[in-house]
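The values are calculated or read from the model by the stated rules, or taken from the named source; none is laboratory data. Model, not experiment: these values are computed from the prediction. Positions of Cβ are backbone-derived with ideal geometry, glycine not excepted, and every protein chain shown enters the neighbour counts. Surface areas here come from the heavy atoms of the whole protein model, side chains and all, with no ligands, DNA or RNA. Shrake-Rupley method; radii C 1.70, N 1.55, O 1.52, S 1.80 Å.
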Amino acid sequence: TFGARASDAFQKFSLWSVVSGLFYQIINAAKGLVDTAIELDRSFTELTKVTDLTRDNFDDLTEKGYNLGQGLAKTTKEVVDAMTEFAKAGYSVEESTDILAKNALMWTNIADGTVSASDSANMLISVMKAFKMEANDTTHIIDALNEVNKLAFLCSNI
């Protein structure tokens with residue numbers, strides 16, 4: 001009968017829709033994974049251009065970058081981009097990883113994502129150079145900028 005055929009066709013179409021939807025979700029997830037890997041590779045390539053990392057140092061740095069990113073809700077790419085900016089400015093890999101990148105990424109969190117990791121790193125570099133400050137002073141810089149933001153917010157609400 002027509003009703004049985006229509007019901008059968010509807011069931012087959014529903015099954016086909018679900019299966020094809022899952023298939024496309026898997027394809028899109030794989031594509032996103034590949035795109036992320038390519039972008040991360042580009043970031044690491046830039047970092048290796050400005051540092052003298054060996055393979056062992058590189059593996060250790062990758063792990064540190066991943067852990068730092070996890071702790072600050074940032075991607076490894078963002079961590080590597082910040083480290084690259086500091087390395088370009090002449091800071092050591094250790095300073096770039098342990099202190100500077102961490103504080104630059106904290107600033108991106110404080111700024112609610114309106115500032116990229118690279119821009120945050122460049123801002124810290126500019127302040128450190130202008131006021132002849134060291135890497136250990138970046139926490140003070142972030143605190144001061146946060147206070148300025150709070151005051152600006154309070155003044156805008158008056």
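Specify the angular offset, from 0 to 90 degrees and rounded to the nearest 10, of the alpha carbon long axis of helix 101-110 from the longest principal axis of the alpha carbons in the chain.
Its long axis makes an angle of about 70 degrees.
Net charge around SER92, counting only other residues with Cβ within less than 11 Å of its Cβ (Lys, Arg = +1; Asp, Glu = -1)? All intermediate terms of the calculation are to be shown ahead of the outcome.
Details: positive: none; negative: ASP52, GLU94, GLU95, ASP98.
Every neighbour counted, the sum reads -4.
Just to verify a number: what accessible area does GLU147 come out at with the full protein assembly present, 1.4 Å probe, Å² rounded to tens?
For GLU147, solvent-accessible area is about 100 Å².
What is the spin-label model distance, in nm, from LEU145 to ALA111 if the labels are put 7 Å beyond Cα along the C-beta direction?
Roughly 0.5 nm, to one decimal.
Filter LYS49/LYS77; LYS102/LYS132; LYS77/LYS132; LYS102/LYS129; LYS31/LYS77 down to the pairs with a C-alpha to C-alpha distance above 22 Å, please. Kindly include the intermediate steps, with their values, before the conclusion.
Details: LYS49/LYS77 16 Å; LYS102/LYS132 20 Å; LYS77/LYS132 29 Å; LYS102/LYS129 18 Å; LYS31/LYS77 17 Å.
As for pairs spanning more than 22 Å Cα to Cα, those are LYS77/LYS132.
Assuming R0 = 41 Å, can you tell me the calculated FRET efficiency for the pair LYS12 and THR48, based on Cβ-Cβ distance, to the nearest 0.05?
E between LYS12 and THR48, to the nearest 0.05, is 0.15.
Which value, in Å² and to the nearest 10, is the accessible area of LYS49 when all protein chains are kept and the probe is 1.4 Å?
140
Picking from ASN67, ALA104, ILE26, whose Cα lies most toward the positive end of the charge dipole for the chain (charges on Cβ: Lys, Arg +1; Asp, Glu -1)?
So the residue furthest toward the plus end is ILE26.
Computed from the coordinates I sent, mean projected area of the Cα convex hull in nm² equals one of [x] 14.4; [y] 15.3; [z] 12.7. Tell me the label.
[y]
Students sometimes get this wrong: rank TYR91, TYR66 by accessible area, probe 1.4 Å, all chains present, largest first.
Result, largest first: TYR66, TYR91.
If a/c stays under 1.5 just call it rounded; otherwise compare a/b with b/c (prolate if a/b is bigger, oblate if not). Do that for the stretch 96-140, with a ≥ b ≥ c from the square roots of the Cα gyration tensor eigenvalues. Don't jump to the answer; show the numbers that get you there.
Working: a/c = 2.01, a/b = 1.52, b/c = 1.32.
The shape class here is prolate.
How would SER156, SER17 rank on accessible area, largest to smallest, probe 1.4 Å?
If we order SER156, SER17 from most to least accessible, we get SER156, SER17.
Helix 2-50 sits at what angle to the longest principal axis of the chain, using alpha carbons and giving 0 to 90 degrees rounded to 10?
20
How tilted is helix 55-71 with respect to the longest principal axis of the chain? Cα atoms for both, answer in degrees (0 to 90, nearest 10).
Approximately 80 degrees, to the nearest ten.
Provide the solvent-accessible area of LEU154, counting protein heavy atoms only and rolling a 1.4 Å probe, rounded to the nearest 10 Å².
100
Using a/c under 1.5 as the rounded threshold, could you call the stretch 1-57 rounded, prolate or oblate? The axes a ≥ b ≥ c are square roots of the C-alpha gyration tensor eigenvalues, and prolate needs a/b larger than b/c, oblate otherwise.
It is prolate, given that a/c is not under 1.5 and a/b is the larger ratio.
Could you tell me the relative contact order of the stretch 44-123? Use alpha-carbon pairs under 8 Å, at least six residues apart, and round to a whole percent.
Relative CO of the stretch 44-123 lands at 29 percent.
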